[in-house]
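These notes are about the structure you will find just below.
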Amino acid sequence: LQKILILLQVTLSVVVGKTLMILFPNAMKRYILKMGEKSRMNQNPKFSYENWGPTFFSFKYLLFVLKVKWKRLEDEAFEGHPAPNTPVVTLDGEDRHLLDFMEDNRPLILNFGSCT
């Protein structure tokens, strides 16, 4: 039932977004660029709006958002319970699961950060 609701919500937002892109292309371009500012996507001079802007509200966009949202349905962590075995991608592009990196009785330490 949750997947169906997510499908309806994402499909509706893609249809509305695509319609607005057709009817008001300049306004939607400004909106998408503003979204890109939040994620710092548009700070890379080699990554122009023409490269990624038109992909918003496409069929590939719909499938990607559905995949991410459906995967997140499985990711629940609760204090005192085992960690979820979340899918991850290695630096080599290999699909693995988080708990694949456990070794014997050694604790698995996750370190999150960013470089700017």
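Brief remarks on what is shown
- A Cβ distance below 9 Å, combined with a sequence gap of six or more or placement on separate chains, defines the contacts here; from region 42-71, residues that are modelled with pLDDT of 75 or more reach residues that are not small (Gly, Ala, Ser) and not in a helix (DSSP H, G or I) in the pairs Lys71/Thr86; Lys71/Pro87.
- Filter result (farther than 27 Å from Leu5 by Cβ and acidic (Asp, Glu)) within region 50-94: Glu50, Glu79, Asp92, Glu94
- Sole exception among (1) touching a residue at least 40 places away in the same chain (Cβ under 8 Å); (2) at positive phi for Gly80, by number: (1)
The values are calculated or read from the model by the stated rules, or taken from the named source; none is laboratory data. From a predicted model like this one, the values you see are computed outputs, not experimental measurements. Heads up, the Cβs are rebuilt from the backbone with ideal geometry, glycines too, and the neighbour counts pull from every protein chain shown.
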